[in-house]
Amino acid sequence: MRIAVIDDEEIVRSRLHKALTKEGYTVETYGSGEEFLNALEHSPVDLAFLDISLPGISGLEVLKHAKPKFPEMEIILMTGYSSIESVIDSVRQGAFYYVAKPLKLDEIRHLASKVYDRKRLLDENRALKTVLSPVDGWGAMIGVSSPMKEVFRLIEKVAPLDCNVLIQGESGTGKELVARSIHRQSRRKDRAFVAFNCGGFTEELIASELFGYQRGAFTGATATKIGILETASGGTAFMDEIADMPLSMQGKLLRVIQEKQIMRVGANKPIQLDLRFIAATNKDLKKAVQEVRFREDLYFRLNVVQINLPGLMDRKEDLPLLIDFFTQKYSTKFSKKISNMEQIARQILLSYSYPGNVRELENIVERAVALAESESITLNDLPPDLREYSVTQYGKWLTYEEQERDYIKRVLKFTDHNLGRTAKILNLPRTTLWRKLKKYGLSQS
Ligand SMILES: Nc1ncnc2c1ncn2[C@@H]1O[C@H](COP(=O)(O)OP(=O)(O)OP(=O)(O)O)[C@@H](O)[C@H]1O
Ligand SMILES: [Mg+2]
């Protein structure tokens with residue numbers, strides 16, 4: 001745990017530094033609020049012991065600035081004269097606690113360990129995974145928010161029942177993950193799970209994919225083909241983008257579900273199937289029914305149980321957990337040791353709006369982990385439009401050097417690290433380029 005001590009008295013700083021370092025914490029000390037706020041941008045801390053009466057901007061002022069930007073940081077105020085108003089004011093602004101001077105080291109140690117326990121508990125909660133362990137490249141499903149808990153409850157309840165399920169949710173909210181979770185927890189778990197995207201195909205193509213065809217059924221059918229549904233018999237069929245299935249095909253699917261048998265194209269004998277159907281859509285299927293774009297009878301068949309996945313913005317509590325989860329996932333995947341994230345980068349990830357939901361978040365974190373050059377993900381590892389966002393949201397502008405480094409890196413990537421071409425594009429003498437590469441740690445040797 002990282003702790004900052006902010007006090008204008010050298011004696012206080014060194015006493016706390018000594019006592020807390022001894023407890024195993026990493027301790028930084030600052031003589032003024034300005035110094036601390038500047039450092040905070042680059043080196044976030046978990047806990048700050050903050051003197052109220054500082055020269056320059058006051059402790060309360062520091063609190064007011066720092067707390068909204070770094071909500072996870074705990075702040076304990078130290079006050080020489082216990083003025084009750086300022087204490088109440090500080091608690092209202094998000095201070096964790098306050099201590100009166102002269103300081104008792106025991107109390108300081110006790111408070112630090114209290115914060116430490118609290119952090120650890122939070123981290124453990126974050127690590128708490130739910131519902132299912134990784135299967136065929138699909139990870140666990142994560143969530144602590146109440147809408148996600150409700151989803152987990154439904155999955156558990158419905159999985160063993162073998163009824164059809166309709167999953168609705170915006171793009172990237174985890175519909176396929178839910179379908180796989182249900183399969184994994186059902187009696188069919190050792191049999192196939194097949195996913196079929198119903199959108200964008202003609203009726204003929206869908207029919208031959210789903211049902212297969214008999215040799216000679218049409219020109220080009222030189223051999224008999226087993227359809228997807230037949231291969232999945234005994235398991236689960238996941239019908240993705242169900243709303244986009246052509247109307248004519250919907251009737252055929254309805255018959256398959258009702259009669260539990262299929263007919264290969266060109267065949268005259270039906271084949272018995274044992275399938276559970278899970279359908280998913282990011283559209284409002286009920287509305288499609290009202291607009292006569294989707295058969296009502298098929299809708300009722302599929303919609304025995306409905307699971308609605310909330311958009312990521314309706315469960316912001318899940319964000320920290322998902323960020324950590326994906327960081328872990330891709331650190332492992334890329335054999336990296338990423339254990340940290342620059343506070344500003346984390347803030348941006350926590351406040352962005354994710355129109356592409358969990359999938360978008362996952363992509364952003366994957367990219368960041370891939371690009372990260374140290375154990376910590378930095379602002380530079382986020383996509384450019386998110387970095388832009390940081391400028392408007394947090395007033396964090398890139399310096400010329402950061403900008404330059406970034407740009408050189410992009411050109412290097414484009415030229416596949418060809419220094420001659422890079423120098424030409426940048427219109428720089430090779431020696432200058434070479435010096436810059438060294439300066440920014442971009443040279444490959
Ligand atoms: N709660 C979650 N915990 C962990 N990973 C998740 C969660 N929700 C979604 N994901 C991940 O996000 C990605 C998108 O999920 P999925 O493909 O299931 O979404 P979808 O709703 O089917 O999206 P689309 O409508 O775009 O097909 C996957 O990599 C999935 O593993
Ligand atoms: Mg999907």
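Miscellaneous remarks
- Single unsatisfied condition, Tyr330 versus (1) free of Cβ contacts under 8 Å to residues at least 40 places away in the same chain; (2) farther than 23 Å from Pro310 by Cβ; (3) within 16 Å of ligand 1 (Cβ to nearest atom): (1)
- Scan of the stretch 35-62 for residues that are surrounded by 19 or more Cβ atoms within 10 Å (Cβ to Cβ) and not aliphatic (A, V, I, L, M), ordered by number: Phe36, Pro44, Asp46, Phe49, Asp51, Gly59
- One residue stands out among those in the stretch 164-176 that are aliphatic (A, V, I, L, M) and under 25 Å from the mean Cα position of the chain (by Cα): the one that is nearest to ligand 1 (Cβ to nearest atom), which is Ile167.
- Lone qualifier among Asn357, Asn380, Asn363 - being in contact (Cβ under 8 Å) with a residue 40 or more places away in the chain and in the same structural domain as Lys333 (by TED's automatic domain parsing): Asn357
- Within the stretch 163-180, being surrounded by 15 or more Cβ atoms within 10 Å (Cβ to Cβ) and farther than 18 Å from Leu312 by Cβ holds for Asn164, Val165, Leu166, Ala179, Arg180.
- Sole exception among (1) at pLDDT 90 or above; (2) surrounded by 19 or more Cβ atoms within 10 Å (Cβ to Cβ) for Phe196, by number: (1)
- Restricted to the stretch 279-376, the set of helices (runs of 4 or more DSSP H) holding at least 3 residues that are out of contact with any Lys or Arg (no Cβ under 7 Å at 6 or more places or on another chain) and surrounded by 20 or more Cβ atoms within 10 Å (Cβ to Cβ) comprises 319-333, 343-351, 357-371.
- Count of the stretch 256-278 residues which are surrounded by fewer than 15 Cβ atoms within 10 Å (Cβ to Cβ) and in a helix (DSSP H, G or I): 2
- Test: Leu47 is at pLDDT 90 or above and not assigned by TED's automatic domain parsing to the domain that holds Glu342: yes
- Among the residues of the stretch 142-151, those that are within 11 Å of ligand 1 (Cβ to nearest atom) and modelled with pLDDT under 90 comprise Ile142, Gly143, Val144, Ser145.
- Among the conditions (1) surrounded by fewer than 20 Cβ atoms within 10 Å (Cβ to Cβ); (2) farther than 20 Å from Asp8 by Cα; (3) modelled with pLDDT of 90 or more, the only one that Ala112 does not satisfy is (1).
- Test for Glu150: is it away from ligand 2 (no atom under 16 Å from the Cβ), assigned to a helix (DSSP H, G or I), closer than 20 Å to Asn282 by Cβ and without any contact (Cβ under 8 Å) to a residue 24 or more places away in the chain: yes
- Take the conditions (1) in contact with a helix residue (DSSP H, G or I) (Cβ under 6 Å, 6 or more places away or on another chain); (2) assigned to a loop (DSSP other than H, G, I, E, B); Thr222 misses just one of them, which is (1).
- Counting the residues of the stretch 7-27 that are closer than 19 Å to Gly59 by Cα, among the acidic types (Asp, Glu) and surrounded by fewer than 17 Cβ atoms within 10 Å (Cβ to Cβ) gives 3.
- Of Asp244, Asp324, all but one fail to be of a type in the set (Asp, Glu) and within 16 Å of ligand 2 (Cβ to nearest atom); the exception is Asp244.
- Criterion violated by Ile206 - all others in (1) in a helix (DSSP H, G or I); (2) within 16 Å of ligand 2 (Cβ to nearest atom); (3) of a type in the set (Val, Ile, Thr) satisfied: (2)
- Single residue of Gly251, Gly212, Gly311 found to be small (Gly, Ala, Ser) and in contact (Cβ under 8 Å) with a residue 60 or more places away in the chain: Gly311
- Filtered by the rule that a residue be more than 11 Å from Leu54 (Cβ to Cβ), assigned to a strand (DSSP E or B) and among the β-branched types (Val, Ile, Thr), the stretch 1-37 gives Ile3, Val5, Thr26, Val27, Thr29.
- Single match in Ala195, Ala159, Ala179 (criterion: within 12 Å of Ile278 (Cα to Cα), within 10 Å of ligand 1 (Cβ to nearest atom) and assigned to a helix (DSSP H, G or I)): Ala179
The values are calculated or read from the model by the stated rules, or taken from the named source; none is laboratory data. Note that the structure is predicted; figures quoted are calculated from it, not measured. Neighbour counts are summed over all protein chains in view; Cβ atoms, including those assigned to glycine, are modelled from backbone coordinates with ideal geometry.
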